[in-house]
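The values are calculated or read from the model by the stated rules, or taken from the named source; none is laboratory data. All of these numbers come straight from a predicted model, not from anything done at the bench. Please note: Cβ atoms are built from the backbone with ideal geometry, for glycine as well, and neighbour counts cover all protein chains shown.
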């Protein structure tokens, strides 16, 4: 059953937006909104990883995804060229 976008996209977006809202509210002096949005973002942070693991298809292999990190010299050169 395909329901479109996975739910962890929603919770990840909610978490990020809540963090930005919390910082903005704190800067403008709205402590109640800052605290509420911080709690919402933290809750979404806790919910998102289990949703991602469940969506992998083979949740028992989640740890395989954590070790896929490759940095090559070619990537570094391209990023340096883009910054200059």
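The table below lists the values:
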| quantity | calculated |
| --- | --- |
| Conditions (1) touching a helix residue (DSSP H, G or I) at 6+ places or on another chain (Cβ under 7 Å); (2) within 16 Å of residue 12 (Cβ to Cβ); (3) without any contact (Cβ under 8 Å) to a residue 40 or more places away in the chain; number of the one not met by residue 50 | (1) |
| Exclusive hit being closer than 26 Å to residue 66 by Cα, assigned to a helix (DSSP H, G or I) and modelled with pLDDT of 95 or more, set 37, 18, 48 | 18 |
